[in-house]
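Down below is the structure, laid out as structure tokens.
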Amino acid sequence: MKRSFRRLGGLFAVVTLVVHSVLAAALVAHARLTGRDDGRKWAVATLFGGLLGVVGYVRAGD
């Protein structure tokens, strides 16, 4: 049972990082289309937030 929770946690972590990567790419694309120059900053903030969430989730499981 513990193994399946661990596997589910790993899947959750991967899905979270993939979703945040897609959001970051969308932020950069939107910024380019609208002529804004802060898209990269928001993309980095989005990725960092996703990474912190995954790290917190993994650490809570230990």
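Read-outs throughout are calculated quantities, based only on the coordinates presented, and are distinct from any laboratory measurement. The shown structure was predicted, so the numbers you read here are calculated from the model rather than taken from an experiment. Every residue, glycine among them, receives a Cβ derived from its backbone with ideal geometry; neighbour counts consider all protein chains shown.
Summary table
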item	result
Verdict on A31 being touching an Asp or Glu at 6+ places or on another chain (Cβ under 7 Å), assigned to a helix (DSSP H, G or I) and either surrounded by 12 or more Cβ atoms within 10 Å (Cβ to Cβ) or of a type in the set (F, W, Y) (or both)	yes
Pair list, Cβ under 7 Å, 6 or more apart: region 39-62 residue of a type in the set (D, E, K, R), other residue in a helix (DSSP H, G or I)	R40/V28
Matching option when the condition is of a type in the set (G, A, S), surrounded by 12 or more Cβ atoms within 10 Å (Cβ to Cβ) and touching a Gly at 6+ places or on another chain (Cβ under 6 Å), among G53, G9	G9
Residue satisfying condition, being touching a helix residue (DSSP H, G or I) at 6+ places or on another chain (Cβ under 9 Å) and either β-branched (V, I, T) or closer than 24 Å to A60 by Cβ (or both), within set R6, R32, R36	R6
